[in-house]
Amino acid sequence: QIFSILSILAVVAHGATYDLPPLPFGTSSLKPMISKKTLQIHHGKHHAKYVNTLNALVAGTSLENQSLEKIIKATHKSKPGIFNNAAQAWNHSFYWKCMTPKGGGMPNENKHSKLLCDKINASFGSYDNFRKEFAEAANTAFGSGWAWLVSDAKGNLSVRKTIGADNPMVSSGKCCIPILTCDVWEHAYYLDYANLRPSYVDTFLDKLVNWEFVAENLERAVDSGKNWS
Amino acid sequence: SLSRAITTTYHIINNNTQSQHHRRPSTNKITIITMSAKQIITPALRAASIHVRSSNLSPALSKSAAAHLSTAPAGGGGGVVHTLPDLRYDYAALEPSVSAETMEIHHSKHHNTYVTNLNVAMEKLDAAVSKGDAGSIIGLQGALKFNGGGHLNHTLFWENLCPAGESAVPSGGALKDAVEARWKGGFEEMKKEVGAMSVGVQGSGWGWLGFNVKTGRIEATTCPNQDPLQATTGLVPLLGIDVWEHAYYVDYRNVRPNYVNAIWDIINWKTVEERLVAAQQQK
(Lines give C-alpha, C1' and ligand atoms only; values in the text may rest on other atoms or scores of the structure.)
Protein backbone atom coordinates (compact mmCIF):
# COMPACT_ATOMS: atom_id res chain seq x y z
CA GLN A 1 0.00 0.00 0.00
CA ILE A 2 2.84 2.37 0.86
CA PHE A 3 4.45 1.56 -2.48
CA SER A 4 1.32 2.44 -4.45
CA ILE A 5 0.89 5.69 -2.52
CA LEU A 6 4.52 6.57 -3.22
CA SER A 7 4.14 5.81 -6.92
CA ILE A 8 1.04 8.01 -7.14
CA LEU A 9 2.97 10.79 -5.40
CA ALA A 10 5.82 10.22 -7.83
CA VAL A 11 3.51 10.74 -10.78
CA VAL A 12 2.09 13.88 -9.24
CA ALA A 13 5.57 15.18 -8.45
CA HIS A 14 6.84 14.64 -11.98
CA GLY A 15 3.77 16.26 -13.43
CA ALA A 16 1.39 14.23 -15.51
CA THR A 17 2.26 13.93 -19.18
CA TYR A 18 -1.20 14.91 -20.23
CA ASP A 19 -4.16 16.68 -18.71
CA LEU A 20 -7.83 16.13 -19.40
CA PRO A 21 -8.73 19.20 -21.45
CA PRO A 22 -12.02 20.86 -20.55
CA LEU A 23 -14.92 20.65 -22.98
CA PRO A 24 -14.96 23.66 -25.33
CA PHE A 25 -18.62 24.18 -24.45
CA GLY A 26 -20.93 23.59 -21.46
CA THR A 27 -22.31 20.11 -20.85
CA SER A 28 -25.81 21.42 -21.68
CA SER A 29 -24.71 23.25 -24.82
CA LEU A 30 -25.25 20.47 -27.34
CA LYS A 31 -28.82 19.69 -26.33
CA PRO A 32 -30.91 18.23 -27.80
CA MET A 33 -28.40 16.74 -30.24
CA ILE A 34 -26.20 15.32 -27.48
CA SER A 35 -27.48 15.26 -23.93
CA LYS A 36 -25.78 16.65 -20.84
CA LYS A 37 -25.63 13.16 -19.37
CA THR A 38 -23.77 11.80 -22.40
CA LEU A 39 -21.22 14.63 -22.31
CA GLN A 40 -20.70 14.24 -18.57
CA ILE A 41 -20.01 10.51 -18.87
CA HIS A 42 -18.22 10.61 -22.22
CA HIS A 43 -15.85 13.39 -21.12
CA GLY A 44 -15.77 12.92 -17.36
CA LYS A 45 -15.46 9.13 -17.34
CA HIS A 46 -14.39 7.68 -20.71
CA HIS A 47 -12.02 10.43 -21.82
CA ALA A 48 -10.75 10.97 -18.27
CA LYS A 49 -9.98 7.27 -17.89
CA TYR A 50 -7.86 7.23 -21.05
CA VAL A 51 -5.89 10.21 -19.77
CA ASN A 52 -5.37 8.76 -16.29
CA THR A 53 -4.40 5.33 -17.61
CA LEU A 54 -1.96 6.89 -20.09
CA ASN A 55 -0.30 8.89 -17.34
CA ALA A 56 0.07 5.81 -15.18
CA LEU A 57 1.49 3.75 -18.04
CA VAL A 58 4.13 6.26 -19.16
CA ALA A 59 5.19 7.34 -15.67
CA GLY A 60 8.88 6.73 -15.21
CA THR A 61 9.42 5.74 -18.84
CA SER A 62 11.15 7.61 -21.65
CA LEU A 63 7.77 8.51 -23.08
CA GLU A 64 6.81 10.46 -20.01
CA ASN A 65 7.36 14.01 -21.24
CA GLN A 66 6.75 13.48 -24.92
CA SER A 67 3.91 15.09 -26.80
CA LEU A 68 0.81 12.97 -27.32
CA GLU A 69 1.46 12.79 -31.04
CA LYS A 70 5.00 11.50 -30.44
CA ILE A 71 3.70 8.86 -28.03
CA ILE A 72 1.06 7.76 -30.52
CA LYS A 73 3.54 7.40 -33.35
CA ALA A 74 6.12 5.66 -31.16
CA THR A 75 3.77 3.09 -29.66
CA HIS A 76 1.46 2.41 -32.59
CA LYS A 77 2.83 -1.05 -33.37
CA SER A 78 5.03 -1.84 -30.40
CA LYS A 79 2.99 -0.97 -27.31
CA PRO A 80 -0.73 -1.43 -27.90
CA GLY A 81 -1.66 -0.75 -24.26
CA ILE A 82 -0.07 2.69 -24.27
CA PHE A 83 -1.15 3.35 -27.85
CA ASN A 84 -4.83 2.68 -27.10
CA ASN A 85 -4.91 5.16 -24.27
CA ALA A 86 -2.76 7.82 -25.91
CA ALA A 87 -4.67 7.66 -29.18
CA GLN A 88 -8.05 7.70 -27.46
CA ALA A 89 -6.94 10.70 -25.38
CA TRP A 90 -5.95 12.51 -28.57
CA ASN A 91 -9.03 11.37 -30.51
CA HIS A 92 -11.43 12.62 -27.86
CA SER A 93 -9.75 16.01 -27.46
CA PHE A 94 -9.97 16.42 -31.22
CA TYR A 95 -13.60 15.24 -31.31
CA TRP A 96 -14.81 17.84 -28.78
CA LYS A 97 -13.30 20.61 -30.87
CA CYS A 98 -14.97 19.20 -33.98
CA MET A 99 -18.36 20.08 -32.54
CA THR A 100 -20.08 23.36 -31.81
CA PRO A 101 -23.64 24.14 -30.74
CA LYS A 102 -24.78 25.81 -33.94
CA GLY A 103 -22.60 23.95 -36.41
CA GLY A 104 -23.09 21.45 -39.15
CA GLY A 105 -24.54 21.74 -42.63
CA MET A 106 -22.62 22.91 -45.66
CA PRO A 107 -19.54 25.05 -44.92
CA ASN A 108 -19.65 28.61 -46.16
CA GLU A 109 -16.86 30.35 -48.11
CA ASN A 110 -17.19 33.62 -46.25
CA LYS A 111 -18.05 32.35 -42.81
CA HIS A 112 -15.54 29.49 -42.75
CA SER A 113 -12.94 29.34 -45.48
CA LYS A 114 -12.76 29.42 -49.24
CA LEU A 115 -9.91 26.92 -49.21
CA LEU A 116 -12.06 24.42 -47.34
CA CYS A 117 -15.02 24.77 -49.69
CA ASP A 118 -12.80 24.55 -52.75
CA LYS A 119 -11.03 21.46 -51.49
CA ILE A 120 -14.30 19.70 -50.60
CA ASN A 121 -15.58 20.31 -54.12
CA ALA A 122 -12.28 19.34 -55.70
CA SER A 123 -11.95 16.13 -53.69
CA PHE A 124 -15.57 14.94 -53.62
CA GLY A 125 -17.31 16.81 -56.42
CA SER A 126 -19.76 18.41 -54.02
CA TYR A 127 -20.59 18.81 -50.33
CA ASP A 128 -23.43 16.30 -50.77
CA ASN A 129 -21.02 13.68 -52.03
CA PHE A 130 -18.70 14.32 -49.09
CA ARG A 131 -21.61 14.09 -46.67
CA LYS A 132 -22.76 10.80 -48.15
CA GLU A 133 -19.28 9.27 -48.01
CA PHE A 134 -18.58 10.44 -44.46
CA ALA A 135 -21.94 9.11 -43.22
CA GLU A 136 -21.33 5.79 -44.96
CA ALA A 137 -17.91 5.44 -43.30
CA ALA A 138 -19.35 6.34 -39.90
CA ASN A 139 -22.22 3.89 -40.26
CA THR A 140 -20.13 1.00 -41.54
CA ALA A 141 -17.32 1.06 -38.99
CA PHE A 142 -18.08 -2.47 -37.81
CA GLY A 143 -17.69 -2.09 -34.10
CA SER A 144 -16.13 0.70 -32.07
CA GLY A 145 -14.39 3.27 -34.21
CA TRP A 146 -14.13 6.69 -35.76
CA ALA A 147 -14.95 8.35 -39.06
CA TRP A 148 -12.42 10.88 -40.35
CA LEU A 149 -11.97 13.59 -42.93
CA VAL A 150 -8.26 13.76 -43.66
CA SER A 151 -6.02 15.93 -45.80
CA ASP A 152 -2.69 15.40 -47.44
CA ALA A 153 -0.03 18.09 -47.71
CA LYS A 154 -1.68 19.53 -50.82
CA GLY A 155 -5.16 19.76 -49.36
CA ASN A 156 -6.51 16.70 -51.15
CA LEU A 157 -9.25 15.42 -48.88
CA SER A 158 -10.50 11.90 -48.30
CA VAL A 159 -12.74 10.03 -45.88
CA ARG A 160 -11.34 7.26 -43.68
CA LYS A 161 -12.73 5.02 -41.00
CA THR A 162 -10.74 3.45 -38.19
CA ILE A 163 -11.44 0.76 -35.62
CA GLY A 164 -10.96 1.09 -31.88
CA ALA A 165 -8.37 3.73 -31.01
CA ASP A 166 -6.79 3.84 -34.41
CA ASN A 167 -5.98 7.23 -35.92
CA PRO A 168 -5.20 8.00 -39.55
CA MET A 169 -2.07 9.99 -38.61
CA VAL A 170 -0.35 6.64 -38.15
CA SER A 171 -1.33 5.41 -41.58
CA SER A 172 1.62 4.88 -43.82
CA GLY A 173 2.43 7.69 -46.18
CA LYS A 174 1.68 11.37 -45.81
CA CYS A 175 -1.91 11.11 -46.89
CA CYS A 176 -3.69 11.44 -43.69
CA ILE A 177 -3.72 14.50 -41.47
CA PRO A 178 -7.02 14.46 -39.54
CA ILE A 179 -9.13 17.56 -40.02
CA LEU A 180 -12.52 16.26 -38.77
CA THR A 181 -13.64 13.26 -36.74
CA CYS A 182 -16.84 11.66 -35.48
CA ASP A 183 -16.76 9.19 -32.58
CA VAL A 184 -18.90 6.14 -33.38
CA TRP A 185 -18.08 4.05 -30.33
CA GLU A 186 -21.50 3.20 -28.89
CA HIS A 187 -20.80 5.22 -25.74
CA ALA A 188 -20.80 8.36 -27.90
CA TYR A 189 -24.48 8.02 -28.78
CA TYR A 190 -26.12 5.19 -26.91
CA LEU A 191 -27.93 7.18 -24.23
CA ASP A 192 -29.38 9.57 -26.82
CA TYR A 193 -29.92 7.39 -29.88
CA ALA A 194 -29.80 3.76 -28.61
CA ASN A 195 -28.93 1.56 -31.59
CA LEU A 196 -29.76 4.23 -34.17
CA ARG A 197 -26.23 5.22 -35.13
CA PRO A 198 -27.33 6.69 -38.50
CA SER A 199 -29.54 9.23 -36.69
CA TYR A 200 -26.63 10.32 -34.55
CA VAL A 201 -24.35 10.58 -37.58
CA ASP A 202 -26.94 12.64 -39.49
CA THR A 203 -27.33 14.95 -36.50
CA PHE A 204 -23.56 15.30 -36.19
CA LEU A 205 -23.23 16.28 -39.84
CA ASP A 206 -26.27 18.55 -39.99
CA LYS A 207 -26.12 20.27 -36.61
CA LEU A 208 -22.73 19.92 -34.94
CA VAL A 209 -19.70 20.03 -37.24
CA ASN A 210 -17.40 22.91 -36.27
CA TRP A 211 -16.28 23.97 -39.75
CA GLU A 212 -14.10 26.75 -38.35
CA PHE A 213 -11.99 24.18 -36.56
CA VAL A 214 -11.92 21.97 -39.65
CA ALA A 215 -10.77 24.95 -41.76
CA GLU A 216 -7.96 25.71 -39.28
CA ASN A 217 -6.80 22.10 -39.44
CA LEU A 218 -6.79 22.19 -43.21
CA GLU A 219 -4.71 25.41 -43.26
CA ARG A 220 -2.21 23.85 -40.90
CA ALA A 221 -2.02 20.68 -42.97
CA VAL A 222 -1.33 22.60 -46.15
CA ASP A 223 1.17 24.95 -44.46
CA SER A 224 3.11 22.15 -42.84
CA GLY A 225 3.11 20.39 -46.19
CA LYS A 226 5.02 23.26 -47.72
CA ASN A 227 7.87 22.52 -45.34
CA TRP A 228 7.73 18.80 -45.87
CA SER A 229 10.98 17.26 -47.04
CA SER B 1 -30.62 -24.73 -42.54
CA LEU B 2 -34.00 -23.08 -42.62
CA SER B 3 -36.33 -23.16 -45.58
CA ARG B 4 -39.15 -20.76 -45.74
CA ALA B 5 -42.39 -22.46 -46.67
CA ILE B 6 -44.08 -20.96 -49.65
CA THR B 7 -47.71 -21.10 -48.80
CA THR B 8 -49.35 -20.44 -52.07
CA THR B 9 -49.01 -21.83 -55.47
CA TYR B 10 -51.28 -21.60 -58.41
CA HIS B 11 -52.38 -23.26 -61.54
CA ILE B 12 -51.95 -21.43 -64.75
CA ILE B 13 -54.86 -22.39 -66.85
CA ASN B 14 -53.82 -22.06 -70.41
CA ASN B 15 -56.81 -20.41 -71.89
CA ASN B 16 -55.66 -21.16 -75.35
CA THR B 17 -56.88 -24.67 -74.90
CA GLN B 18 -60.34 -23.61 -73.92
CA SER B 19 -63.06 -23.88 -76.44
CA GLN B 20 -64.02 -20.70 -78.21
CA HIS B 21 -67.51 -21.18 -76.96
CA HIS B 22 -66.55 -20.81 -73.33
CA ARG B 23 -65.43 -17.24 -73.18
CA ARG B 24 -65.96 -16.67 -69.55
CA PRO B 25 -63.38 -15.00 -67.37
CA SER B 26 -60.62 -17.32 -66.22
CA THR B 27 -61.60 -19.34 -63.26
CA ASN B 28 -58.12 -19.89 -62.05
CA LYS B 29 -57.87 -21.65 -58.79
CA ILE B 30 -55.34 -20.70 -56.22
CA THR B 31 -54.25 -23.89 -54.61
CA ILE B 32 -52.95 -23.33 -51.17
CA ILE B 33 -50.34 -25.90 -50.38
CA THR B 34 -47.29 -25.82 -48.25
CA MET B 35 -44.03 -26.68 -49.88
CA SER B 36 -40.47 -25.84 -49.19
CA ALA B 37 -39.03 -23.11 -51.36
CA LYS B 38 -36.34 -25.45 -52.59
CA GLN B 39 -38.85 -27.78 -54.17
CA ILE B 40 -41.00 -25.22 -55.84
CA ILE B 41 -38.77 -22.43 -57.03
CA THR B 42 -36.62 -24.06 -59.65
CA PRO B 43 -34.64 -21.98 -62.12
CA ALA B 44 -37.07 -23.06 -64.82
CA LEU B 45 -40.07 -21.84 -62.89
CA ARG B 46 -38.30 -18.61 -62.05
CA ALA B 47 -37.59 -18.06 -65.73
CA ALA B 48 -41.21 -18.90 -66.50
CA SER B 49 -42.38 -16.21 -64.11
CA ILE B 50 -41.78 -13.60 -66.76
CA HIS B 51 -44.44 -15.31 -68.83
CA VAL B 52 -46.99 -15.30 -66.07
CA ARG B 53 -47.92 -11.76 -66.92
CA SER B 54 -48.66 -12.75 -70.45
CA SER B 55 -51.05 -15.53 -69.50
CA ASN B 56 -54.77 -15.00 -69.28
CA LEU B 57 -54.71 -14.87 -65.55
CA SER B 58 -56.38 -11.79 -64.16
CA PRO B 59 -53.75 -9.03 -64.05
CA ALA B 60 -53.84 -8.70 -60.28
CA LEU B 61 -53.35 -12.40 -59.78
CA SER B 62 -50.58 -12.79 -62.30
CA LYS B 63 -48.80 -9.72 -60.98
CA SER B 64 -48.84 -11.03 -57.46
CA ALA B 65 -47.73 -14.47 -58.55
CA ALA B 66 -44.85 -13.05 -60.57
CA ALA B 67 -43.80 -10.91 -57.65
CA HIS B 68 -43.97 -13.92 -55.41
CA LEU B 69 -41.74 -15.98 -57.68
CA SER B 70 -39.19 -13.31 -58.34
CA THR B 71 -38.63 -12.44 -54.71
CA ALA B 72 -38.78 -15.93 -53.29
CA PRO B 73 -35.41 -17.34 -52.26
CA ALA B 74 -33.68 -19.28 -55.00
CA GLY B 75 -33.89 -23.02 -55.06
CA GLY B 76 -30.79 -25.14 -55.09
CA GLY B 77 -27.98 -23.25 -53.38
CA GLY B 78 -29.67 -20.58 -51.31
CA GLY B 79 -33.16 -20.46 -49.94
CA VAL B 80 -32.11 -19.94 -46.33
CA VAL B 81 -33.77 -17.02 -44.60
CA HIS B 82 -32.54 -16.31 -41.10
CA THR B 83 -34.97 -15.27 -38.41
CA LEU B 84 -34.69 -13.65 -35.03
CA PRO B 85 -34.98 -16.44 -32.43
CA ASP B 86 -37.47 -16.06 -29.60
CA LEU B 87 -36.09 -15.81 -26.10
CA ARG B 88 -36.96 -18.56 -23.63
CA TYR B 89 -37.72 -15.94 -20.99
CA ASP B 90 -39.36 -12.51 -20.71
CA TYR B 91 -37.34 -9.34 -21.24
CA ALA B 92 -37.60 -8.59 -17.51
CA ALA B 93 -36.53 -12.06 -16.41
CA LEU B 94 -32.81 -11.28 -16.21
CA GLU B 95 -33.15 -8.37 -13.82
CA PRO B 96 -31.35 -7.02 -11.92
CA SER B 97 -28.26 -8.15 -13.85
CA VAL B 98 -29.64 -6.92 -17.15
CA SER B 99 -32.67 -4.66 -17.36
CA ALA B 100 -35.79 -5.27 -19.42
CA GLU B 101 -35.02 -2.09 -21.33
CA THR B 102 -31.59 -3.37 -22.35
CA MET B 103 -32.98 -6.78 -23.27
CA GLU B 104 -35.66 -5.29 -25.48
CA ILE B 105 -33.29 -3.00 -27.38
CA HIS B 106 -30.55 -5.63 -27.53
CA HIS B 107 -32.82 -8.41 -28.84
CA SER B 108 -35.49 -6.65 -30.91
CA LYS B 109 -33.22 -3.98 -32.35
CA HIS B 110 -29.54 -4.92 -32.37
CA HIS B 111 -29.91 -8.65 -32.96
CA ASN B 112 -32.82 -8.10 -35.32
CA THR B 113 -30.71 -5.73 -37.41
CA TYR B 114 -27.97 -8.33 -37.74
CA VAL B 115 -30.58 -10.85 -38.94
CA THR B 116 -32.07 -8.44 -41.46
CA ASN B 117 -28.70 -7.37 -42.84
CA LEU B 118 -27.47 -10.96 -42.93
CA ASN B 119 -30.39 -11.92 -45.13
CA VAL B 120 -29.66 -9.01 -47.44
CA ALA B 121 -26.00 -10.01 -47.67
CA MET B 122 -26.91 -13.67 -48.29
CA GLU B 123 -29.24 -12.69 -51.12
CA LYS B 124 -26.49 -10.63 -52.71
CA LEU B 125 -24.10 -13.53 -52.22
CA ASP B 126 -26.57 -15.83 -53.90
CA ALA B 127 -26.73 -13.58 -56.93
CA ALA B 128 -22.95 -13.17 -57.06
CA VAL B 129 -22.35 -16.92 -56.74
CA SER B 130 -24.80 -17.76 -59.49
CA LYS B 131 -22.97 -15.33 -61.77
CA GLY B 132 -19.56 -16.52 -60.64
CA ASP B 133 -18.75 -12.89 -59.77
CA ALA B 134 -15.64 -13.32 -57.64
CA GLY B 135 -15.18 -9.61 -57.05
CA SER B 136 -18.61 -9.22 -55.53
CA ILE B 137 -18.29 -12.41 -53.51
CA ILE B 138 -15.10 -11.07 -51.96
CA GLY B 139 -16.65 -7.65 -51.42
CA LEU B 140 -19.45 -9.19 -49.37
CA GLN B 141 -17.16 -10.90 -46.86
CA GLY B 142 -17.12 -7.98 -44.41
CA ALA B 143 -20.90 -7.75 -44.25
CA LEU B 144 -21.25 -11.52 -43.97
CA LYS B 145 -18.73 -11.78 -41.14
CA PHE B 146 -20.22 -8.87 -39.26
CA ASN B 147 -23.89 -9.69 -39.62
CA GLY B 148 -23.48 -13.47 -39.71
CA GLY B 149 -21.22 -13.31 -36.68
CA GLY B 150 -23.63 -10.95 -34.94
CA HIS B 151 -26.53 -13.34 -35.53
CA LEU B 152 -24.59 -16.43 -34.45
CA ASN B 153 -23.10 -14.79 -31.38
CA HIS B 154 -26.33 -13.33 -30.08
CA THR B 155 -28.26 -16.55 -30.66
CA LEU B 156 -25.68 -18.38 -28.54
CA PHE B 157 -25.74 -15.60 -25.96
CA TRP B 158 -29.50 -15.65 -25.30
CA GLU B 159 -29.34 -19.42 -24.87
CA ASN B 160 -26.52 -19.27 -22.31
CA LEU B 161 -28.45 -16.82 -20.13
CA CYS B 162 -31.36 -17.59 -17.78
CA PRO B 163 -33.15 -16.01 -14.83
CA ALA B 164 -30.98 -15.89 -11.71
CA GLY B 165 -33.28 -18.33 -9.93
CA GLU B 166 -32.53 -20.98 -12.55
CA SER B 167 -28.78 -20.38 -12.70
CA ALA B 168 -26.85 -23.02 -10.76
CA VAL B 169 -23.17 -23.86 -11.01
CA PRO B 170 -23.04 -27.65 -11.41
CA SER B 171 -21.82 -29.63 -8.41
CA GLY B 172 -20.65 -32.52 -10.54
CA GLY B 173 -20.48 -33.69 -14.14
CA ALA B 174 -18.65 -33.02 -17.38
CA LEU B 175 -18.46 -29.25 -17.10
CA LYS B 176 -17.16 -29.24 -13.54
CA ASP B 177 -14.54 -31.81 -14.50
CA ALA B 178 -13.45 -29.83 -17.53
CA VAL B 179 -13.26 -26.53 -15.62
CA GLU B 180 -11.25 -28.09 -12.80
CA ALA B 181 -8.93 -29.76 -15.28
CA ARG B 182 -8.09 -26.36 -16.69
CA TRP B 183 -8.31 -24.17 -13.56
CA LYS B 184 -7.08 -25.48 -10.20
CA GLY B 185 -9.38 -23.04 -8.45
CA GLY B 186 -12.41 -24.40 -10.30
CA PHE B 187 -15.33 -22.21 -11.30
CA GLU B 188 -14.22 -19.23 -9.21
CA GLU B 189 -10.84 -19.09 -10.92
CA MET B 190 -12.40 -19.63 -14.36
CA LYS B 191 -14.83 -16.77 -13.77
CA LYS B 192 -11.96 -14.49 -12.72
CA GLU B 193 -10.02 -15.21 -15.89
CA VAL B 194 -12.91 -15.08 -18.33
CA GLY B 195 -14.17 -11.97 -16.55
CA ALA B 196 -10.82 -10.20 -16.72
CA MET B 197 -10.41 -11.05 -20.40
CA SER B 198 -13.91 -9.85 -21.18
CA VAL B 199 -13.37 -6.57 -19.34
CA GLY B 200 -10.06 -6.15 -21.14
CA VAL B 201 -11.47 -6.29 -24.67
CA GLN B 202 -10.52 -3.02 -26.38
CA GLY B 203 -13.61 -1.57 -27.97
CA SER B 204 -16.26 -4.04 -29.10
CA GLY B 205 -16.09 -7.81 -28.80
CA TRP B 206 -16.96 -10.94 -26.86
CA GLY B 207 -15.50 -13.01 -24.03
CA TRP B 208 -15.69 -16.75 -24.59
CA LEU B 209 -15.32 -20.09 -22.92
CA GLY B 210 -14.61 -22.52 -25.74
CA PHE B 211 -13.79 -26.18 -26.27
CA ASN B 212 -10.68 -27.22 -28.15
CA VAL B 213 -11.63 -30.37 -30.05
CA LYS B 214 -7.99 -31.19 -30.74
CA THR B 215 -6.75 -31.04 -27.15
CA GLY B 216 -10.03 -31.99 -25.49
CA ARG B 217 -9.68 -29.04 -23.09
CA ILE B 218 -11.66 -25.88 -22.47
CA GLU B 219 -10.09 -22.45 -22.93
CA ALA B 220 -10.86 -18.81 -22.23
CA THR B 221 -10.45 -16.32 -25.03
CA THR B 222 -11.91 -13.21 -26.67
CA CYS B 223 -12.84 -12.16 -30.20
CA PRO B 224 -13.12 -8.64 -31.56
CA ASN B 225 -16.28 -7.10 -32.99
CA GLN B 226 -18.68 -9.83 -34.15
CA ASP B 227 -16.02 -12.29 -35.27
CA PRO B 228 -17.61 -15.68 -34.54
CA LEU B 229 -15.59 -17.93 -32.23
CA GLN B 230 -15.56 -21.17 -34.15
CA ALA B 231 -14.88 -19.74 -37.59
CA THR B 232 -12.15 -17.50 -36.17
CA THR B 233 -10.36 -19.79 -33.70
CA GLY B 234 -11.71 -23.30 -34.25
CA LEU B 235 -12.93 -23.44 -30.65
CA VAL B 236 -16.48 -24.69 -30.09
CA PRO B 237 -18.43 -21.98 -28.26
CA LEU B 238 -19.63 -22.98 -24.79
CA LEU B 239 -20.30 -19.63 -23.14
CA GLY B 240 -20.30 -16.14 -24.63
CA ILE B 241 -20.34 -12.75 -22.89
CA ASP B 242 -21.23 -9.75 -25.03
CA VAL B 243 -19.05 -6.76 -24.08
CA TRP B 244 -20.14 -4.38 -26.80
CA GLU B 245 -21.19 -1.19 -25.04
CA HIS B 246 -24.78 -1.72 -26.16
CA ALA B 247 -24.91 -4.81 -23.92
CA TYR B 248 -24.43 -2.80 -20.73
CA TYR B 249 -24.47 0.93 -21.31
CA VAL B 250 -28.05 1.59 -20.23
CA ASP B 251 -27.55 -0.32 -16.96
CA TYR B 252 -23.88 0.19 -16.12
CA ARG B 253 -22.77 3.15 -18.24
CA ASN B 254 -19.02 2.90 -18.76
CA VAL B 255 -18.45 0.50 -15.85
CA ARG B 256 -18.00 -2.73 -17.79
CA PRO B 257 -16.52 -4.63 -14.78
CA ASN B 258 -19.79 -4.25 -12.86
CA TYR B 259 -21.74 -5.70 -15.79
CA VAL B 260 -19.38 -8.66 -16.18
CA ASN B 261 -19.59 -9.38 -12.44
CA ALA B 262 -23.38 -9.28 -12.58
CA ILE B 263 -23.68 -11.53 -15.58
CA TRP B 264 -22.31 -14.51 -13.71
CA ASP B 265 -25.60 -14.55 -11.77
CA ILE B 266 -27.60 -15.28 -14.91
CA ILE B 267 -25.52 -17.87 -16.73
CA ASN B 268 -27.42 -20.95 -17.89
CA TRP B 269 -24.87 -23.57 -16.85
CA LYS B 270 -27.09 -26.39 -18.12
CA THR B 271 -26.78 -25.07 -21.66
CA VAL B 272 -23.04 -24.57 -21.27
CA GLU B 273 -22.68 -28.20 -20.15
CA GLU B 274 -24.89 -29.49 -22.98
CA ARG B 275 -22.68 -27.71 -25.50
CA LEU B 276 -19.56 -29.17 -23.90
CA VAL B 277 -20.92 -32.71 -23.93
CA ALA B 278 -21.94 -32.36 -27.58
CA ALA B 279 -18.50 -31.01 -28.47
CA GLN B 280 -16.71 -33.77 -26.55
CA GLN B 281 -18.67 -36.31 -28.56
CA GLN B 282 -17.32 -34.81 -31.77
CA LYS B 283 -13.98 -36.45 -31.03
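The values are calculated or read from the model by the stated rules, or taken from the named source; none is laboratory data. Note that the structure is a prediction, hence the values are computed from the model and not measured. Heads up, the Cβs are rebuilt from the backbone with ideal geometry, glycines too, and the neighbour counts pull from every protein chain shown. Note: areas computed on protein heavy atoms with side chains; ligands, DNA, RNA excluded. Shrake-Rupley method; radii C 1.70, N 1.55, O 1.52, S 1.80 Å.
Here are a few things to note about the model shown:
- Partners of B:LYS191 within straight-line reach, counting aspartates and glutamates whose Cα lies under 14 Å from its Cα and excluding those fewer than 8 residues away in the same chain: B:GLU180, B:GLU219, B:ASP265.
- If you wrap the tightest convex hull around every Cα atom of segment A:57-125 and split its volume per residue, you get 142 Å³.
- For segment B:71-178, the list of chymotrypsin sites (Phe, Trp or Tyr not before Pro) that fall in a loop by DSSP and count at most 10 other C-beta atoms within 10 angstrom is empty.
- Net +/- balance of residues flanking A:SER123 in space, Cβ distance below 11 Å, scoring K and R +1, D and E -1: -1
- Value of relative contact order over segment B:103-239, rounded to a whole percent, pairs C-alpha under 8 Å and six or more apart: 20 percent
- Between the beta carbons of A:LYS36 and B:THR221, assuming R0 = 35 Å, the FRET efficiency works out to 0.35 to the nearest 0.05.
- Going from the isolated chain to the complete set of protein chains, segment A:26-57 loses at least 10 Å² of heavy-atom accessible area (1.4 Å probe) at A:LYS37, A:ILE41, A:LYS45, A:HIS46.
- Per-residue shielding of B:245-255, expressed as the average number of other chain Cβ atoms within 10 Å of the residue Cβ, stands at 4.
- Sequence-distant lysines (8 or more away, or on other chains) whose Cα lies within less than 19 Å of A:LYS111: A:LYS97, A:LYS102, A:LYS119, A:LYS207
- Reported to the nearest whole Å, the Cα centre-to-centre distance from segment B:199-262 to segment B:107-171 is 16.
- Loop-located GluC sites (Glu not before Pro) across segment A:19-123 with a Cβ neighbour count of 11 or fewer within 10 Å are A:GLU109, with loop assigned by DSSP.
- Taking a ≥ b ≥ c as the square roots of the eigenvalues of the alpha carbon gyration tensor, segment A:71-229 is oblate, as a/c is not under 1.5 and a/b does not beat b/c.
- Delta accessible area of at least 30 Å² on complex formation, residues of segment A:64-86, 1.4 Å probe, chain isolated as reference: A:ASN84
- Chain A: calculated mean residue ellipticity at 222 nm from DSSP helix runs of at least 4, using -39500 (n - 2.57): -14000 deg cm²/dmol
- Annotation for the A:B interface, with buried accessible surface near 1600 Å², both sides summed [1.4 Å probe; non-protein components not counted].
- In segment B:141-239, the C-alpha radius of gyration followed by the widest Cα-Cα span (Dmax) gives 14.1, 43 angstrom.
- Per residue accessible area of segment A:18-171, 1.4 Å probe, in Å²: 45 Å²
- Restricting the trypsin sites (Lys or Arg not before Pro) of segment B:103-202 to loop positions (DSSP other than H, G, I, E, B) with no more than 11 neighbouring Cβ atoms within 10 Å leaves B:LYS184.
- Along chain A, longest interval not containing exposed trypsin sites (Lys or Arg not before Pro), exposed being DSSP loop plus at most 15 other Cβ atoms within 10 Å: A:1-76
- DSSP loop chymotrypsin sites (Phe, Trp or Tyr not before Pro) with at most 15 other Cβ within 10 Å excluded, longest remaining stretch of chain A: A:26-227
- When a 1.4 Å probe is rolled over the protein heavy atoms, the share of accessible surface on segment B:123-177 that falls to carbon and sulfur comes to 58 percent.
- Whole-angstrom gap from segment A:139-173 to segment A:51-115, using each part's C-alpha centre: 13 Å
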